[in-house]
Amino acid sequence: MRISVIGTGYLGAVHATGLAELGYSVVGVDVDSTKVAALADGRAPFYEPDLDPLLRKHVESGLLRFSTDFADAADADVHFLCVGTPQRQDSLAADMSFVDAAVDALAPHLIRPCLVVGKSTVPVGSAHRLAERIEALAPAGGDAELAWNPEFLREGFAVEDTLNPNRLVFGVRSQRAESILREIYALAIAAGTPVVVTDFPTAELVKVSANAFLATKISFINAIAEICEVTGADVTKLADAIGHDDRIGRRFLNAGMGFGGGCLPKDIRGFMARAGEIGAAHALTFLAEVDAINLRRRERVAEIAREVLGGSIAGRRVAVLGAAFKPDSDDVRDSPALTVAGGLHLQGARVTVYDPKAIENARRSFPTLTYAESTIGACRGAEVVLHLTEWPEFREVDPALLGSVVARRNVLDGRNCLDADAWRAAGWSYRGLGRP
Ligand code: UGA
């Protein structure tokens, strides 16, 4: 079976590499020639643990090719659509222009029976519309069938999640489509990965519902953190305690800066927008509150930083540890850390940022911030240190050593994961979010 993967961003590049690892011959197609050139050279244009060696291996073996020409996808039996659906500039809705453009560019090359498999996160109803469009534009007509197979991979664990998914969802309209998907994922299925076979709208909704649930869980604990801040309670212990109830579960109950990235924020907004379009806005109004709680956390961090500095920010030296939206990623899309760094900078603070992998991307989005090349470099002379992305190297830093380079030993732990006792023992004034 030959496979094409349309779109080679965080999702597509990993998916294409994963399929090559399963032994398929894969061509990745993207309109971005810089990205394609890097991938064809065996280099991922972004940081994702474990991806580069696998990518190199399969580019070298010849199983994995990359191209900017959709005609190179023509002889594939299966085409995965992996292009992005960011938030629209002018509304909360998902921007479908990349998906639509990909389908329009691919369809004229669908000259033989094939299966197009959508993986992008799309508004419910899109698959139905796209199936009609493919049938109308493809020379193969009805023999170019669509299926919807949402993706649940997490950045930072993308390779592992692709090779060993925790579930597979097949939105299909025929036995043929289901059989093809079962064949592609045979190894994972044999290893016990559960498969849920559904219609199109259910498959589309599974994805946005999962992300909406995760976002709600994070905002729930962050709302409780606000109460803890007023009452002097400790949200981290509270989360441990409620998390022991396995109906609740401890995962995704880490209070702190809140969620960012290219998925959760835009997916809850796109879901709300779509609910409005289909006349069910009331069902998801709670997601507006989830979003608001999340954004309040970023303001709260800036507020505490100002408090720690005695009420005035202008001209004060602030060290920001972390720029990526989460550790093990260089992705700065909607990054809580950079929102705070940028906000403090606009208020006149002298902000220096360090991140192990995301400096280049951060510099592109926030060119006016100052960037350092190490934790120590960022903290030298700082009056407050903000720990905003929980990279292991920040957790492992020696507070006594760091204490010797800062101007004042103030640390604000926006991720609630530093060892507060160790920092206090080294003479730091430690502040967390929702904990004393
Ligand atoms: C998310 C989902 O977890 C994936 O299942 C999904 O496939 C992906 O979106 C997608 O739609 O493509 P991702 O954006 O990589 O994955 O990141 P998460 O691990 O979900 O983290 C999202 C944000 O929530 C991060 O900023 C993280 O720091 C924050 N978070 C996470 C918390 O603030 N608290 C927690 O307890 C957990």
Which condition breaks for Asp90 when tested against (1) of a type in the set (Asp, Glu); (2) within 26 Å of Cys263 (Cα to Cα); (3) in contact (Cβ under 8 Å) with a residue 24 or more places away in the chain? (3)
For the stretch 28-58, give me each residue that is surrounded by 22 or more Cβ atoms within 10 Å (Cβ to Cβ) and over 26 Å from Pro327 (Cβ atoms). Gly28, Val29, Asp30, His58
Return the residues of the stretch 147-185 that are of a type in the set (Gly, Ala, Ser), surrounded by fewer than 21 Cβ atoms within 10 Å (Cβ to Cβ) and either assigned to a helix (DSSP H, G or I) or not assigned by TED's automatic domain parsing to the domain that holds Ala13 (or both); say none if nothing qualifies. Ser179
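Could you please let me know if Glu160 is more than 10 Å from the ligand (Cβ to nearest atom), within 24 Å of the chain's Cα centre (by Cα) and not small (Gly, Ala, Ser)? Break it down stepwise before answering.
Values: more than 10 Å from the ligand (Cβ to nearest atom): yes; within 24 Å of the chain's Cα centre (by Cα): yes; not small (Gly, Ala, Ser): yes.
Yes.
With Thr193, Thr162 as the choices, which residue is hydroxyl-bearing (Ser, Thr, Tyr) and in contact with a strand residue (DSSP E or B) (Cβ under 9 Å, 6 or more places away or on another chain)? Full working, then the answer.
Numbers: Thr162 fails: in contact with a strand residue (DSSP E or B) (Cβ under 9 Å, 6 or more places away or on another chain).
Only one candidate passes the filter, namely Thr193.
Is it the case, given these coordinates, that Ala188 is outside the structural domain of His387 (by TED's automatic domain parsing), in a helix (DSSP H, G or I) and at pLDDT 95 or above?
On the way: outside the structural domain of His387 (by TED's automatic domain parsing): yes; in a helix (DSSP H, G or I): yes; at pLDDT 95 or above: yes.
Considered against the rule, which asks whether it is outside the structural domain of His387 (by TED's automatic domain parsing), in a helix (DSSP H, G or I) and at pLDDT 95 or above, Ala188 comes out as yes.
What are the residues in the stretch 197-220 that are more than 20 Å from Lys266 (Cα to Cα) and crowded, with 22+ Cβ neighbours inside 10 Å, if any?
We begin by selecting, within the stretch 197-220, every residue more than 20 Å from Lys266 (Cα to Cα); these are 197-200.
The answer is Phe200, and nothing else.
Scan the stretch 246-261 for residues that are within 18 Å of Ala358 (Cα to Cα) and either within 6 Å of the ligand (Cβ to nearest atom) or not assigned by TED's automatic domain parsing to the domain that holds Ser219 (or both) and jot them down. Can you show your working first?
Within the stretch 246-261, the subset within 18 Å of Ala358 (Cα to Cα) is 257, 259-261.
Residues satisfying the conditions are Phe259, Gly260, Gly261.
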Take Ala323 and tell me if it is out of contact with any helix residue (DSSP H, G or I) (no Cβ under 8 Å at 6 or more places or on another chain), surrounded by 21 or more Cβ atoms within 10 Å (Cβ to Cβ) and in contact (Cβ under 8 Å) with a residue 60 or more places away in the chain. no
Being closer than 15 Å to Thr339 by Cβ, part of a helix (DSSP H, G or I) and more than 9 Å from the ligand (Cβ to nearest atom): is that true of Val290 here? no
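Which of the residues that make up the stretch 344-382 are closer than 14 Å to Ala324 by Cα and among the acidic types (Asp, Glu)? Full working, then the answer.
Initially, the stretch 344-382 is screened for residues closer than 14 Å to Ala324 by Cα, giving 353-366, 371.
Across the stretch 344-382, the qualifying residues are Asp355, Glu360.
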Which condition from (1) of a type outside the set (A, V, I, L, M); (2) more than 13 Å from the ligand (Cβ to nearest atom); (3) within 26 Å of Arg333 (Cα to Cα) is the one that Thr193 breaks? (3)
Looking at the structure I just gave you, is Lys266 more than 11 Å from the ligand (Cβ to nearest atom), outside the structural domain of Pro86 (by TED's automatic domain parsing) and basic (Lys, Arg)? no
Looking for something more than 12 Å from the ligand (Cβ to nearest atom), within 25 Å of Ser4 (Cβ to Cβ) and not β-branched (Val, Ile, Thr) - is there at least one such residue anywhere in the stretch 209-228? no
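So, of the residues in the stretch 331-349 that are within 12 Å of the ligand (Cβ to nearest atom) and assigned to a loop (DSSP other than H, G, I, E, B), which turns out to be surrounded by the fewest Cβ atoms within 10 Å (Cβ to Cβ)? Don't jump to the end; show me each part of the working.
Keep residues of the stretch 331-349 that are within 12 Å of the ligand (Cβ to nearest atom), which gives 331-339.
Of the ones still in play, those that are also assigned to a loop (DSSP other than H, G, I, E, B) are 331-335.
Working: Asp331: 24, Val332: 26, Arg333: 21, Asp334: 19, Ser335: 30.
Applying the filter and picking the extreme gives Asp334.
Just wondering, is there one or more residues in the stretch 50-70 that are within 16 Å of the ligand (Cβ to nearest atom) and not polar (S, T, N, Q)?
Residues of the stretch 50-70 that are within 16 Å of the ligand (Cβ to nearest atom), as a first pass: 50-51.
From what's left, not polar (S, T, N, Q): 50-51.
Yes, the stretch 50-70 contains at least one residue that is within 16 Å of the ligand (Cβ to nearest atom) and not polar (S, T, N, Q).
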Output for Cβ contacts, cut-off 9 Å, separation at least six or different chains, first residue within 26 Å of Arg300 (Cα to Cα) and part of a loop (DSSP other than H, G, I, E, B) in the stretch 240-256, second away from the ligand (no atom under 11 Å from the Cβ) and charged (D, E, K, R), reads Arg250/Asp240; Leu253/Asp240; Ala255/Arg435; Gly256/Asp413
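Against the condition more than 27 Å from Cys379 (Cβ to Cβ), more than 16 Å from the ligand (Cβ to nearest atom) and in contact (Cβ under 8 Å) with a residue 40 or more places away in the chain, how does Phe271 come out, does it pass?
Details: more than 27 Å from Cys379 (Cβ to Cβ): yes; more than 16 Å from the ligand (Cβ to nearest atom): no; in contact (Cβ under 8 Å) with a residue 40 or more places away in the chain: yes.
Spelling it out, it is not the case that Phe271 is more than 27 Å from Cys379 (Cβ to Cβ), more than 16 Å from the ligand (Cβ to nearest atom) and in contact (Cβ under 8 Å) with a residue 40 or more places away in the chain.
The values are calculated or read from the model by the stated rules, or taken from the named source; none is laboratory data. Please read all numbers here as calculations on a predicted model, not as lab measurements. Reconstructed Cβ throughout: ideal geometry from the backbone, glycine too, with neighbour counts over all protein chains shown.
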